[in-house]
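Below is one structure, written out as structure tokens, with a few remarks after it.
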Amino acid sequence: MTRNWLREIRKQSGYDSCEKLANQLGISGSHYTNIENGNRTPKPHTAKLIAKSLNFKKYGYDWTKFYSLTDQKEGKELDSIQETDKSK
């Protein structure tokens, strides 16, 4: 179960590479890739770092998104992220 929503937020935040974001977060690129690909669920501390670095609030999410039921499903609504308010 790929976290397409996370990949889209990362790209919209200007991180074309998982490695660049992972370095900023202080985690390995492979660990971040496993999180994004849905192979791993981040510990709360890491989830909070990711949420802050990618400004989840801008998209109507917070760090608990990693633990929500919609994250566990392959919901089509997660495939295309829309900013909640593009005027800000």
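Some notes on this structure:
- Considering the stretch 21-88, the qualifying helices (runs of 4 or more DSSP H), each wholly inside and each with 3 or more residues that are under 16 Å from Arg7 (Cα atoms) and modelled with pLDDT of 65 or more, run over 29-36, 44-53.
- Residue within the stretch 6-15 that is surrounded by 14 or more Cβ atoms within 10 Å (Cβ to Cβ) and at pLDDT below 95 present: no
The values are calculated or read from the model by the stated rules, or taken from the named source; none is laboratory data. If you're wondering where the values come from, they're calculated on a predicted model, not measured in any experiment. A quick note on method: Cβ atoms are made from the backbone with ideal geometry, for glycine too, and the neighbour counts reach across all protein chains shown.
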